[in-house]
Amino acid sequence: MKDIDVIERSRAGARQKISARNVQVRYGHTAAIKNVSVDIAADTVTAFIGPSGCGKSTFLRCLNRMNDTIDTCRVTGEIRIDDEDIHDPKVDPVQLRAKVGMVFQKPNPFAKSIYDNVAYGPKIHGLARTKAELGDIVKVALEKAALWDEVKDRLDSPGTGLSGGQQQRLCIARAIATAPQVLLMDEPCSALDPIATAQIEELIHDLRRNYCVVIVTHSMQQAARISQKTAFFHLGSLVEYGDTDQVFTAPRDSRTESYITGRIG
Amino acid sequence: MIRNLDMAPSLPALVIGLAVLASFAAQMRARAASGGDLRNLASLPGPHGANAFLSVLVPAIASYAALSLVRLIGDRQGVELLSAHSVPVAVLVVAALGCGGAISVSTARFRARAAFEWWIKSLLIAAAAVAVLTTLGIVLSMLFEAVQFFQQYHWRDFFLSSKWSPNFRGNSALGILPLLWGTLYISFIALLLAVPVGLFAAIYLSEYAGRRMRNVAKPLIEILAGIPTIVYGLFALTTIGPVLRDYFAQPLGLGDSASSVMTAGLVMGIMLIPFVSSLSDDAINAVPQAMRDGSYALGATRSETIRQVVIPAALPGIMGAALLAASRAIGETMIVVLGAGAAARLSLNPLEAMTTITVKIVSQLTGDTDFASPETLVAFALGLTLFVFTLGLNVLALMIVRKYRERYE
Ligand SMILES: Nc1ncnc2c1ncn2[C@@H]1O[C@H](COP(=O)(O)OP(=O)(O)OP(=O)(O)O)[C@@H](O)[C@H]1O
Ligand SMILES: [Mg+2]
């Protein structure tokens, strides 16, 4: 299975979805990301790992320009998605974010009903022609996020009233309902029990066929299970980037080795 | 009488003196009981002293308040339940008892810290009780006078008659409807201006304006909120009123009075804008940034985010702001006196002079008044109606806020 993946990918090797060059991010005067260059392939799950505070979330937010919303944050360098510079003045961040979806580290449901939380994205982008179609989109998204069975009888109750893990799955459902091409997931399973985690991992596995998925995780096992590529960040730099198998079995950098064997972080 | 005069001012001094005395004595007794080693005490001397101090002061104040209330009730009924100079004597007795009691309990095993906590709690409860009892007192005193009014004037004529023409020689028509109509009409216009403008200003300031703009505009708006309403009234009288008359009322053939519902309503609306905007601004700022980020990350524009995510989340606060503004509009007097005039009238024409409940309360109580005639007592019935109205609005505001809280928190 894994072997076929590798062959497939090397054949489609040129299909890069995202390509970042010399990306630097600073908050005020402190640098959070230093000179990161990376190519992220389409139809692939890429895992970002690294100790807390090393800049994984910061770099992820560069990819859909969410850092624009932070006053003190300055991003330099070049990021191309589908060979288009996302910092080009012609590019509308609103359009970009419709294409590059995101699940945040902390669940952030809207003060709306569960149904409206998921229907929000499809509504503003006009993805459904009829009410019934919208209902289907919501249902499928909730099913994929492994939340449907728990909420199908109370779609009208507020999303903010769900448990932390349920809120996290609601946010995942919300992100995939908008049908992005790239899905950025910041520790999507951090508040989930093993069963829900397995379901989300299955979802990610399915998504990979059509989407480019980038996932931040603190679980080495999870990174090894679901990703084909792994990037290891340390103190704002990209230390190592390669096939997941290689990074976990034969890391080139000593810092990577220390981290995955549990000596730093 | 003379005894009364030199007794009354010295009573506070005596009570405080006793309290200080009790405090020192209790500390000394505690120290003596310790036998030189303070570790033998259940509480340190400090709390013993504090407890003794409050044991004198609080009962003395409480008994003074209670006895005064008894006197007040007696006076109302026309009997002397307590003579004026028996009160200080009774208070002094209570204080002395407290002093003796506190000193005698200050033994080594006495847990003065716990006792002191108890006094503190009682004081805090007393402070809360003052607020509640004052409200109750206000309502009761209004009720008392209003009942007198309704004994002389039929309630149906008051609540259902559309004629207001008081006549101090008797035979007045005292129907509330024209006043109520004026109040609601003016408040409605005021809110129609203040709520949207205030809300939009708040949205601009919290979502669009840069930091520098916000730092300039917010204090300015707060200054606007601090202008006394009489100044707004002058503005209505000298500026808005004549402008409305010369450019709208007269050319359109809708009247020729500078005082009008529109004048008062607009100026009152201007007065309420900063009020609505700063309360809404608080509500909007309380919406977590993460919620906005969630919306932006789905590819929503800024206005979509505001309309569909931020405003719904801030709605309880915004509703609360609007209803509080409504209460203020209904209770406002000065702007109406100077802007809308004093003519009680039931009319739809917003450019005509009308008046409100508050204005009529003032006019019925100024000048030579006879506190037994219905023409004067009607003020209390009007006041009570106003009170019930604003109370209802506030309760409604609370209910709305609570309902949304439950749903979205
Ligand atoms: N809004 C911000 N303002 C200022 N500094 C920030 C901000 N967000 C992050 N930082 C800083 O940037 C650095 C990287 O933070 P980031 O959130 O990207 O870490 P992370 O790798 O996602 O960590 P974790 O695994 O704990 O989520 C940290 O040092 C952090 O203090
Ligand atoms: Mg993070």
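Going highest first, how would you order B:28-39, B:250-261, A:73-84 by mean Cβ packing within 10 Å?
Values: B:28-39: 13.8, B:250-261: 17.3, A:73-84: 15.7.
Put in order of decreasing packing, that is B:250-261, A:73-84, B:28-39.
Just checking the output field for B:305-314: average partner chain Cβ neighbours within 10 Å of each residue's Cβ?
Details: counts 2, 0, 0, 6, 6, 2, 1, 4, 4, 1.
For peptide B:305-314, the averaged partner shielding equals 3.
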A chain fully extended from B:V89 to B:R71 at 0.36 nm per residue, minus the present Cα-Cα distance, gains in nm 5.0 nm
Of A:K99/A:K144; A:K17/A:K139; A:K131/A:K152; A:K106/A:K131; A:K34/A:K90, which sit over 21 Å apart, Cα to Cα?
-> A:K17/A:K139; A:K106/A:K131; A:K34/A:K90
Shielding by partners for B:287-296, please: the mean number of other protein chain Cβ atoms within 10 Å of each residue's Cβ.
-> 6
Of all the C-alpha pairs in the stretch B:38-144, what % are more than 20 Å from each other?
-> 54 percent
Taking the highest mean first, how do the peptides A:173-181, B:214-222 order by number of other beta carbon atoms within 10 angstrom per residue?
-> A:173-181, B:214-222
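How large is the direction-averaged shadow of the alpha-carbon convex hull of the stretch A:98-172, in nm²? Show your work: numbers first, answer last.
Working: hull surface 19.3 nm².
Mean orientational projected area (the stretch A:98-172, Cα hull): 4.8 nm².
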The distance between the Cα centres of the stretch A:96-161 and the stretch A:65-88, in whole Å, is 27 Å
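Per residue of chain B, what 222 nm ellipticity follows from adding -39500 (n - 2.57) for every DSSP H run with n ≥ 4, rounded to the nearest 500? Could you put the intermediate results ahead of the total?
On the way: 16 runs with 297 residues, N = 409.
So the calculated ellipticity at 222 nm is -24500 deg cm²/dmol.
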Note, ³J(HN,Hα) from phi for the stretch A:245-253, Karplus 6.51, -1.76, 1.60, rounded to Hz, x at Gly and Pro | 3, 5, 4, 7, 9, 9, x, 7, 9
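For the stretch B:224-299, what does the equivalent ellipsoid look like in terms of its semi-axes, each the square root of 5 times an eigenvalue of the Cα gyration tensor, given largest first in whole Å?
Details: eigenvalues 316, 56, 10 Å².
After scaling each eigenvalue by five and taking roots: 40, 17, 7 Å.
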Using the alpha-carbon atoms, what tilt in degrees (0 to 90, nearest 10) does helix B:45-77 show relative to the longest principal axis of chain B?
-> 60 degrees
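Roughly speaking, what % of Cα-Cα pairs in chain B are separated by over 32 Å, rounded to a whole number? The partial results should precede the final answer.
Working: 49432 of 83436 pairs.
When all Cα pairs of chain B are counted, 59 percent exceed 32 Å.
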Taking R0 as 25 Å and r as the Cβ-Cβ distance between B:A343 and B:A372, the FRET efficiency 1/(1 + (r/R0)^6), rounded to the nearest 0.05, comes to 0.35
B:V231 and B:L184 label points (each 7 Å along its Cα→Cβ direction) are spaced in nm at 3.4 nm
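Express in nm, to one decimal, how much length is gained between A:T76 and A:E202 on full extension, taking 0.36 nm for each residue of separation and deducting their alpha carbon distance. Before the final figure, lay out each step's value.
Working: separation 126, 0.36 × 126 = 45.36 nm, distance 3.53 nm.
Additional length available on full extension: 41.8 nm.
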Any idea what log10 I(q)/I(0) is at q = 0.08, 0.10, 0.11 Å⁻¹ for chain A, Debye with uniform C-alpha scatterers and no solvent?
-> -0.32, -0.50, -0.61
Rounded to one decimal in nm, the spacing of the 7 Å Cα→Cβ label points at B:L82 and A:H87 is 8.0 nm
Shielding by partners for A:114-127, please: the mean number of other protein chain Cβ atoms within 10 Å of each residue's Cβ.
-> 2
Using only the alpha carbons of the protein assembly as shown, determine the length spanned along each of the three principal axes and report them from longest to shortest in whole angstroms.
-> 109, 96, 48
Sequence ranges A:56-67, A:130-141, ranked by mean other-Cβ count within 10 angstrom, highest first = A:56-67, A:130-141
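What do the square roots of 5 times the Cα gyration tensor eigenvalues come to for the stretch B:165-408, in whole Å, largest first, as semi-axes of the equivalent ellipsoid? Before the final figure, lay out the partial values.
On the way: eigenvalues 303, 90, 43 Å².
Equivalent ellipsoid of the stretch B:165-408: 39, 21, 15 Å, largest first.
According to the Cα gyration tensor, what semi-axes, each the square root of 5 times an eigenvalue, does the equivalent ellipsoid of the stretch A:113-265 have, listed from largest to smallest in whole Å?
Values: eigenvalues 230, 52, 30 Å².
The three semi-axes for the stretch A:113-265 are 34, 16, 12 Å.
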For the stretch B:193-203, 3J(HN,Hα) per residue [Karplus equation, 6.51 cos²θ - 1.76 cosθ + 1.60, θ = phi - 60°, Hz, x = Gly/Pro] = 7, 6, 5, x, 5, x, 5, 5, 4, 5, 5
Enter the Cα centre distance for the pair the stretch B:66-110 and the stretch A:180-230, rounded to the nearest angstrom.
-> 75 Å
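No lab work stands behind these numbers, since they all come straight from the coordinates. Bear in mind that the values here come from a model prediction, so they are computed numbers and not experimental data. Positions of Cβ are generated from backbone atoms using ideal geometry, with glycine treated the same way; all protein chains shown enter the neighbour counts.
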